[in-house]
Amino acid sequence: MTRWAGPRIRLLAGIAGLMLLLQLANSLSGQALNAWGLLPRHLDGLPGILFAPWLHGSWAHLASNLPGLLVLGWLAMLGGIRAFLLASASIILGSGLLVWLFGRTGMHVGASGWLFGLWALLLVRAWFQRSWLDLLVAALVLFYYGGWVSGLLPQSGVSFEYHIAGALCGGLYAALARPRRTT
């Protein structure tokens, strides 16, 4: 069990540690790192596609994203670390690009697009995989995080665009990464 769980725990601890360190540096600098967030339709906002998910507007913002990221990340890793990393890269890049192209004006930061991407990935993967494990994971995700559907609706001060783009990219990744059935 340790050989299976150890690398997953280290990866999630590394992600959490990096986000916590970045938030500490951001807090000490008066949120200066958020200048690296995603600014839609501005060339100088393009690096934000990569950096925005790692930055947060406040400690409360990070605290609202990090637990879900760790739980959904763990569940996504049931399909393997490599699958989690590929899915995460696809979700981060895809949702970032969509927000850069179509998001509301203003700085977008936070891991919620990644979160919604993992959420949709776990739900849609169950549809395509149809294994008992994937169906159980999807049922748990729906039970505990089903209320996140409301996060797809427009809200003031919330980058619901990242939520929608993340969910779209996570679901699309699950569909494209599904095993091909041979006839």
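The values are calculated or read from the model by the stated rules, or taken from the named source; none is laboratory data. It should be emphasised that the depicted structure is a prediction, and the values quoted were computed from it without experimental measurement. Here the Cβ is made from the backbone with ideal geometry for all residues, glycine too, and neighbour counts use every protein chain on show. Accessible surface areas use protein heavy atoms only, side chains included; no ligands, DNA or RNA. Shrake-Rupley method; radii C 1.70, N 1.55, O 1.52, S 1.80 Å.
Annotations
- Among the residues of the range 73-119, those identified as among the small types (Gly, Ala, Ser) and open to solvent by 10 Å² or more (accessible area, probe 1.4 Å) are Gly79, Gly80, Ala83, Ala89, Ser90, Gly94, Gly106, Ser112.
- For the range 145-157, the criterion of a residue being loosely packed, with under 14 Cβ neighbours inside 10 Å and touching a residue at least 24 places away in the same chain (Cβ under 8 Å) is satisfied by no position.
- When the range 27-57 is filtered for residues that are loosely packed, with under 13 Cβ neighbours inside 10 Å and within 16 Å of Met107 (Cβ to Cβ), the ones remaining, listed by number, are Ser29, Gly30, Ala32, Arg41, His42, Leu43, Asp44.
- Taking each residue of the range 100-127 that is on the phi < 0 side of the Ramachandran plot and looking for partners that are open to solvent by 10 Å² or more (accessible area, probe 1.4 Å) and among the acidic types (Asp, Glu) with beta-carbon atoms closer than 6 Å, six or more apart or interchain, yields Gly103/Glu161; Arg125/Asp134; Ala126/Asp134.
- Tally of residues being closer than 27 Å to His56 by Cβ and either open to solvent by 60 Å² or more (accessible area, probe 1.4 Å) or at pLDDT below 95 (or both) across the range 162-177: 3
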